[in-house]
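*Asks:* Below you'll find the structure I mean.
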Amino acid sequence: MSRMDDISNVVEELQVDMKKFYEKGNKAAGTRARKHLMTLKKLSHEIRQEIQAKKNAM
């Protein structure tokens, strides 16, 4: 379940940075949060492709 671990790690980092941005107004944390969201988007896309390929192979 390496993919689940990857997603969990990114989400944990995202939560920390979003809290810093929204509660403390830390602009750098906002930039990092956006980066984490893009990473999630890329991971999601890769996982969707893997699932589709596995479905097609069945």
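*Asks:* Within the group Leu37, Leu43, Leu14, which residue is assigned to a helix (DSSP H, G or I), hydrophobic (A, V, I, L, M, F, W, C) and in contact with an Asp or Glu (Cβ under 8 Å, 6 or more places away or on another chain)?
*Replies:* Residue meeting the stated conditions: Leu43.
*Asks:* Tally the residues that are under 14 Å from the mean Cα position of the chain (by Cα), more than 16 Å from Glu13 (Cα to Cα) and hydrophobic (A, V, I, L, M, F, W, C), restricting the search to segment 24-58.
*Replies:* Residues that pass the stated criteria total 1.
*Asks:* Where residues in segment 2-58 are at pLDDT 95 or above, of a type in the set (D, E, K, R) and touching a helix residue (DSSP H, G or I) at 6+ places or on another chain (Cβ under 7 Å), which of them is surrounded by the most Cβ atoms within 10 Å (Cβ to Cβ)?
*Replies:* Asp17
The values are calculated or read from the model by the stated rules, or taken from the named source; none is laboratory data. Not measured: the values here are computed from a predicted model. All Cβ positions, glycine included, derive from the backbone under ideal geometry; neighbour counts span all protein chains shown.
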